[in-house]
Amino acid sequence: MKFTIVERKAKISEDLRAYATKKVQKLDRYFPDDSDATLTFAELKGKQTVEVTIKRGGMIYRAEETTSDMYGSIDGAVAKLERQIRKHKTRLEKRLRDGAFEKAAAQSAELEIDDFDITRHKKFTVKPMSVDEAMLQMELLGHQFFFFRNADNDNVHAVVYKRANGGFGLIESE
């Protein structure tokens, strides 16, 4: 596994770097060939955040953990990643023959997505409105996102959504 370590507003010691590398290296057992791991360390208002991203083939696994201790953040992020990898690997093994997980990235385009059940199907008229109106509508409905046509930008299809950090995001089609 190849490691890239990024420090954002935080300086990490060699001991912490070695600890993080050792912990993430344990995930290598899930990946028989080379994969790239990016560890991002950040500190904001006394909170220690570790983000671990592993790229293998066309698949990306990512976990982020924020605690008051950098070592605890590393442990939490690695635990989240391990759960994520196990869940994904199990799902792939249901669809593929034994040993096919190694070739999953190459075959991912051929997989059918019938393992994912759609539990609700809804149709509605998409009305042109401003971003502010869409945000208000989303808040009134109590939803996490709202799909609309952006009247401020040539009526393109757009989605306004709540971000994990408390802000809002906007996605527009081209």
(message) What's the number of the only condition in (1) under 24 Å from ASN165 (Cα atoms); (2) open to solvent by less than 40 Å² (accessible area, probe 1.4 Å); (3) in contact with a Ser or Thr (Cβ under 9 Å, 6 or more places away or on another chain) that LEU27 fails to meet?
(response) (1)
(message) Please count how many residues of the stretch 153-166 are farther than 30 Å from GLU64 by Cα, in contact with a strand residue (DSSP E or B) (Cβ under 9 Å, 6 or more places away or on another chain) and open to solvent by 70 Å² or more (accessible area, probe 1.4 Å).
(response) 1
(message) Filter the stretch 131-145 down to the residues that are open to solvent by less than 90 Å² (accessible area, probe 1.4 Å) and either assigned to a helix (DSSP H, G or I) or modelled with pLDDT of 90 or more (or both) and list them by number.
(response) VAL131, ALA134, MET135, GLN137, MET138, GLU139, LEU141
(request) Considering each residue of the stretch 54-79, count those that are within 15 Å of GLN25 (Cβ to Cβ) and either part of a strand (DSSP E or B) or charged (D, E, K, R) (or both), and give that number. (result) 4
(request) Inspect the stretch 122-136 for any residue being without any contact (Cβ under 8 Å) to a residue 60 or more places away in the chain and closer than 30 Å to LYS87 by Cα and give the result as yes or no. (result) yes
(request) For ARG56, state whether it is open to solvent by 80 Å² or more (accessible area, probe 1.4 Å) and within 26 Å of ALA164 (Cβ to Cβ). (result) no
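The values are calculated or read from the model by the stated rules, or taken from the named source; none is laboratory data. Predicted model only: the values in this text are computed from it and were never measured. Note that each Cβ is placed from the backbone with ideal geometry, even for glycine, and that neighbours are counted across all protein chains shown. Please note that ligands, DNA and RNA were not included when accessible areas were found on the heavy atoms of the full protein model with its side chains. Shrake-Rupley method; radii C 1.70, N 1.55, O 1.52, S 1.80 Å.
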